[in-house]
Amino acid sequence: MAGASVKVAVRVRPFNSRETSKESKCIIQMSGNTTTIINPKAPKETKSFNFDYSYWSHTSVSQNYFKKDIKMK
């Protein structure tokens, strides 16, 4: 498949009612097209991934998990 390309998008969705009732914490951060997962048991341990598109739907823009340079459509 010469010349074929795949674009990958990621979205952080809002918590569902079960997650909200358990007072779950968001362990995802986004900055631009980089998504970082934070280990809740060791917050300094993180894994970062790059995607073609990143969408934040979890909380309001004012939350500190959201970085202003995220592509929003």
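For the pair Thr34 and Thr59 in one chain, pulling the backbone fully straight at 0.36 nm per residue adds 7.2 nm over the alpha carbon distance.
Computed across segment 9-56, the Kirkwood hydrodynamic radius from all distinct Cα-Cα pairs reaches 11.7 Å.
Here, each number is a calculation from the coordinates, and none is a lab measurement. If you're wondering where the values come from, they're calculated on a predicted model, not measured in any experiment.
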